[in-house]
Amino acid sequence: MVFADGDLPAISAAARAVVRDAKAAGVWVFGGGINESVPPVMVSGDGTVTTGTYPQTRTIEGGYCILELPSREDAIKWAAKTAAACRCAQEVREFMYDPES
């Protein structure tokens, strides 16, 4: 995100409005930001913990929102609303259904 000094309150308000819209529409599942002050760790199968992450995810900024939507087209529409509010592009990914969840 690149924005002018002083714009964060307006961006935050716009993003929270999209969240409220998603909740009102009944599509909101979960959302939250990444606490970048806590470094990531990797945990192996034997429980060994090392500081760091996968090379391809070294930089994750912002957060995530999980919506339950009927189609990819709907996901893209909600991503566009979020991108406009946050003033930055949004990545769309699809969770695979797990019958055990």
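The values are calculated or read from the model by the stated rules, or taken from the named source; none is laboratory data. Quantities reported herein were computed from a predicted structural model and do not represent experimental measurements. Neighbour counts are summed over all protein chains in view; Cβ atoms, including those assigned to glycine, are modelled from backbone coordinates with ideal geometry.
Results, tabulated for the structure shown:
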{"item": "Which numbered condition residue 63 fails, given (1) over 17 Å from residue 34 (Cα atoms); (2) touching a residue at least 24 places away in the same chain (Cβ under 8 Å); (3) out of contact with any helix residue (DSSP H, G or I) (no Cβ under 7 Å at 6 or more places or on another chain)", "result": "(1)"}
{"item": "Number of the exception - residue 40 against (1) surrounded by 11 or more Cβ atoms within 10 Å (Cβ to Cβ); (2) over 29 Å from residue 97 (Cβ atoms)", "result": "(2)"}
{"item": "Candidates 50, 59, filtered to the one that is exposed (fewer than 11 other Cβ atoms within 10 Å of the Cβ) and outside any loop (DSSP other than H, G, I, E, B)", "result": "50"}
{"item": "Condition broken by residue 46, with the remaining ones in (1) closer than 17 Å to residue 83 by Cβ; (2) at pLDDT 90 or above; (3) acidic (Asp, Glu) satisfied", "result": "(1)"}
{"item": "Hits in segment 79-101 - residues which are of a type outside the set (Phe, Trp, Tyr), in a loop (DSSP other than H, G, I, E, B) and free of Cβ contacts under 8 Å to residues at least 24 places away in the same chain", "result": "89, 90, 91, 92, 93, 94, 96, 98, 99, 100, 101"}
